[in-house]
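*Asks:* Sending over a structure as structure tokens; questions will come in a sec.
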Amino acid sequence: MSSAPIDDPRQDAPRVGEPKSAAAGIPAVVNSVRIVGRQAGPRRGLLTLLNVNQDKGFDCPGCAWPEPDHRHAAEFCENGAKAVAEEATRRAVQPEFFARHSVADLAGRSGYWLGQQGRLTRPMYLAEGADHYVPVTWDEAFDLVAGELTALDSPDQAAFYTSGRTSNEAAFLYQLFARRFGTNNLPDCSNMCHESSGSALTETLGVGKGSVLLEDLYQADLIIVAGQNPGTNHPRMLTALEKAKKAGARIITVNPLPEAGMQRFRNPQTPGGVLGRGTRLTDLFLQIRLGGDLALFSAFNRLLLQADEAGTGTPIDHAFIEEHTSGFADFAAALLKPDEATFWAEVGEATGLSRERIEEALAMVLASRRTVVCWAMGLTQHRHSVPTIREVVNFLLLRGDIGRPGSGVCPVRGHSNVQGDRTMGIFERPDDRFLDALGAEFAFEPPRHHGYDVVRTIRAMRDGAVKVFFAMGGNFVSASPDTLATEQAMRRCSLTVHVSTKLNRSHAVTGARALILPALGRTDRDVRDGRERFVTVEDSMGKVHASRGSVPPLSPDMRSEVDIIAGLARRVLGPGDTVPWEELAADYDRVRDRVARVVPGFEDFNARVRAPGGFTLPHAPRDSRSFPTATGRANFTVNEITVLRVPEGRLLLQTLRSHDQYNTTIYGLDDRYRGIHDGRRVVLVNPRDAERLGAADGDYVDLVSEFADGVERRAPHFRVVHYPTAEGCAAAYYPEANVLVPLDSTAEVSNTPTSKSVVVRFEADSGVPAVI
Ligand SMILES: Nc1nc2c(c(=O)[nH]1)N[C@H]1C(S)=C(S)[C@@H](COP(=O)(O)OP(=O)(O)OC[C@H]3O[C@@H](n4cnc5c(=O)[nH]c(N)nc54)[C@H](O)[C@@H]3O)O[C@H]1N2
Ligand SMILES: Nc1nc2c(c(=O)[nH]1)N[C@H]1C(S)=C(S)[C@@H](COP(=O)(O)OP(=O)(O)OC[C@H]3O[C@@H](n4cnc5c(=O)[nH]c(N)nc54)[C@H](O)[C@@H]3O)O[C@H]1N2
Ligand SMILES: [Mo]
């Protein structure tokens, strides 16, 4: 990792070497220790690392991958260590910092530079027309927000965003506050992330969450990992995959990129991983074109149906289909309808894979009695993501692979509590059952009309329909699509408020007035009135457990998210409110008691969460093969194959994560496994495409995206890197490439921005941009 945070755009000067073919090993350990030491120092560093993911410790703020029952003394990974180090850092942003740097100055810095300044420590206010943020007291801050909120014509003129690190307790109170105030405008990072999974799974299985536990992975015969890069984004998943392999599982990886982590894993906690070559993970690599997964799973399903018709083996679980599903006949008829030539021509075009290759994969499917499909953003951020995931469900239903050990759907969540936030009611389209329970518990009538998701919030701010934007964490400006459109929308607000741990671009691109409210993070000790408090989180597999911070907060002016929400709610709603805000905040057990009465599965919450390891939420399809869908059964669906065609001379571009970032938080300028160092403005291109486009390795180009609205979106000055990505499919890093993702290019049903399929052309380099 480069040591100096980037301040001068010319520092972004990528050097390119060979991609790696194995992940982790000793370099990962060395890197973890170095980063933590540099940010947090030896004492805070050790205090944090020894407490990550331990029973009495805190949940890693990195990803949502679950902790195994038998934990290692060091149950963290290189990237978890970076996430912890960023938060437990000794560097602090004090009021003097804001006196030195105007907002215009901050708006001209890179996200990397902003994040490297350290933790936010005081509430700061930017008055209308002012150049600098100035310190304010918490009471003044609450008064400012309350004044603005209560002056609105309608509660729907405010939007309350949530990022996925917010604890269950804070999320529950936050959504309660928004609804008590009168709106369902609760956009969250999920809208840009796994919303497509939630939509598809709720419709087909009745529960919008994954159906597998860690034990299922260990019992699986076959694990298909599609559209996911766990070596970087869920490194502890590699340990689980290694264990599954040792128990006999085989792995098919589906990805346009040959990601190092899925090739070979050198587990730093085993001698073989340190000294030997490690474990080969992938048995079959399907190098698919972007967006080709719907066609791939359709091909699997058609081959299964045909094998069944031919009477070879038992490709289909008829008993399961008969007893538990609905819609099979329509699904089968639609899938078998096209003639062979037409069908396979479409599959070939969409996937870039030969029929032989797909049949090779199918042979592995047929040899498996228990199959798990794991996926992440590679499947969720396309226009046809919901149909794609529905087709994955069709595939598992055909095999009877839902609700039996060793099989199921495994959408791997991103943010460490993004799943819990949704469970707690952070959702712009809540169902009546939830609202009824919430209203009954707190004696009020919640708003019933749906609120805005992320994309609709941006449009509403742009159009003047939302005037107050409040964010519980996150970096809305940099994480959202269409950066310039989003920035303009933010600037039209009368007030923007960010409850944050670290400085980011959303603090520099603001409404007429702005507030920064400094919050405690996962690693911080949360003490009030001399008593230490803990929060809870839910991992990607529906396990709920406690999280206790261990490092002393850098400033007494930082408050817990729960205290911030309660303080604000009290001010906005007045002392006579039906919700006893202060009483709840003073003791998180009281919040949990309320959750237990409102949210199914949380009965006896306080007792059960104190048991070692916490507890697992019920999941009807997994637990009892019952399906709370509209039909009362698991639903087969008909999904038409989509081929993403691009005009001559264009490429499809995906925007993804490097190894040295956490979403918009940039840890450094390297992407070690892909062989990229010291820079992030790179575009990975297949050499054959590059030749067609006349782009030599090392050339600099502008990326220009093309969309039906005719608006020109340009990302200047990207270094061309010849890379073994699927033909026709390029890749560049998020958030630098977000400027290219059109606001109105979203997935059907889920409305998720299509961050993994943007049509781009290359143009002559227009030089280093002012802000990178
Ligand atoms: N260290 C670290 N950890 C993280 C994060 C982070 O930024 N840094 N972010 C967290 C969050 S919020 C999330 S949501 C997750 C994200 O985790 P991932 O989804 O793994 O993240 P991406 O980098 O977006 O990677 C997408 C992967 O899908 C592949 N892909 C892209 N398009 C397609 C496609 O059409 N089909 C197929 N089959 N593959 C495709 C890409 O080549 C890449 O390997 O990670 C979480 N964990
Ligand atoms: N082009 C493109 N865009 C994407 C994606 C993509 O793949 N491509 N991925 C999308 C995905 S999957 C996601 S999840 C979103 C992420 O969107 P966000 O969740 O909005 O973004 P982050 O970068 O994770 O937010 C980082 C900020 O959160 C704050 N923070 C960190 N921890 C805490 C905490 O404990 N409490 C509080 N209050 N604040 C905290 C810090 O101030 C930090 O600067 O981005 C999406 N955007
Ligand atoms: Mo995410």
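The values are calculated or read from the model by the stated rules, or taken from the named source; none is laboratory data. Everything numeric in this text was worked out from a predicted model, so none of it was measured. As a convention, Cβ positions derive from the backbone with ideal geometry for all residues, glycine included, and neighbour counts pool all protein chains shown.
*Asks:* Considering each residue of segment 110-138, count those that are in a strand (DSSP E or B) and over 30 Å from Lys82 (Cα atoms), and give that number.
*Replies:* Here the count works out to 2.
*Asks:* Using the structure shown, decide if Ala220 is at pLDDT 95 or above, away from ligand 3 (no atom under 14 Å from the Cβ) and under 23 Å from Ala489 (Cα atoms).
*Replies:* Against the criterion (at pLDDT 95 or above, away from ligand 3 (no atom under 14 Å from the Cβ) and under 23 Å from Ala489 (Cα atoms)), Ala220 does not qualify.
*Asks:* Do you know which residues across segment 190-199 are within 15 Å of ligand 1 (Cβ to nearest atom) and assigned to a helix (DSSP H, G or I)?
*Replies:* Selection gives Ser190, Asn191, Met192, Glu195, Ser196, Ser197, Gly198.
*Asks:* Separate question: Quick check on my filter: what residues within segment 139-155 are surrounded by fewer than 17 Cβ atoms within 10 Å (Cβ to Cβ) and either part of a helix (DSSP H, G or I) or of a type in the set (Lys, Arg) (or both)?
*Replies:* Hits for segment 139-155 are Asp139, Glu140, Asp143, Gly147, Thr150.
*Asks:* Residues in segment 551-567: is at least one within 25 Å of Glu736 (Cα to Cα) and among the acidic types (Asp, Glu)?
*Replies:* no
*Asks:* Name the pairs: first residue in segment 337-353 and among the acidic types (Asp, Glu), second residue surrounded by 11 or more Cβ atoms within 10 Å (Cβ to Cβ), Cβ to Cβ under 7 Å, at least 6 apart or on different chains?
*Replies:* Here the result reads Glu346/Ala295; Glu346/Ile641; Glu346/Val643; Glu349/Val643, each pair linking segment 337-353 to a residue that is surrounded by 11 or more Cβ atoms within 10 Å (Cβ to Cβ).
*Asks:* Residues of segment 597-614 being surrounded by fewer than 18 Cβ atoms within 10 Å (Cβ to Cβ) and of a type outside the set (D, E, K, R), which ones?
*Replies:* Passing the criteria: Pro600, Gly601, Asn606, Ala607, Ala611, Pro612, Gly613.
*Asks:* Still on this structure, I have one more. Do any helices (runs of 4 or more DSSP H) entirely within segment 231-282 hold 3 or more residues that are farther than 14 Å from Val412 by Cβ, and if so, which?
*Replies:* The helices (runs of 4 or more DSSP H) meeting that bar are 235-246, 271-275.
*Asks:* Before we move on, is Ser211 at pLDDT 95 or above and in a loop (DSSP other than H, G, I, E, B)?
*Replies:* Yes.
*Asks:* Okay, moving on. Across segment 98-121, what is the total count of residues that are of a type in the set (A, V, I, L, M, F, W, C), within 20 Å of Met558 (Cβ to Cβ) and in contact with a strand residue (DSSP E or B) (Cβ under 7 Å, 6 or more places away or on another chain)?
*Replies:* Total satisfying the criteria: 2.
*Asks:* Starting from segment 404-423, take each residue that is closer than 18 Å to Asp453 by Cβ and list its partners that are aliphatic (A, V, I, L, M), counting only C-beta distances under 7 angstrom and pairs at least six apart or across chains.
*Replies:* Final answer for the pair search is Arg413/Ala64; Gly414/Ala64; His415/Ala64; Val418/Ala64; Gln419/Ala64; Asp421/Ala171; Thr423/Val599.
*Asks:* State which residue is farthest from ligand 1 (Cβ to nearest atom) when the search covers only segment 614-668 and only residues that are more than 30 Å from Lys337 (Cα to Cα) and acidic (Asp, Glu).
*Replies:* If we take residues in segment 614-668 being more than 30 Å from Lys337 (Cα to Cα) and acidic (Asp, Glu), then Asp623 is farthest from ligand 1 (Cβ to nearest atom).
*Asks:* Please pick out the residue among Pro481, Pro518, Pro553 that is more than 16 Å from ligand 3 (Cβ to nearest atom), assigned to a loop (DSSP other than H, G, I, E, B) and either more than 26 Å from the chain's Cα centre (by Cα) or not hydrophobic (A, V, I, L, M, F, W, C) (or both).
*Replies:* Pro553
*Asks:* Moving on to the next point. Pick out the one residue from Thr183, Thr204 that is more than 18 Å from Ala376 (Cβ to Cβ), in a helix (DSSP H, G or I) and touching a helix residue (DSSP H, G or I) at 6+ places or on another chain (Cβ under 8 Å).
*Replies:* Only one candidate qualifies: Thr204.
*Asks:* Out of segment 438-454, which residues are within 13 Å of ligand 2 (Cβ to nearest atom) and part of a helix (DSSP H, G or I)?
*Replies:* If the condition is that a residue be within 13 Å of ligand 2 (Cβ to nearest atom) and part of a helix (DSSP H, G or I), then Val454 is the only one that fits.
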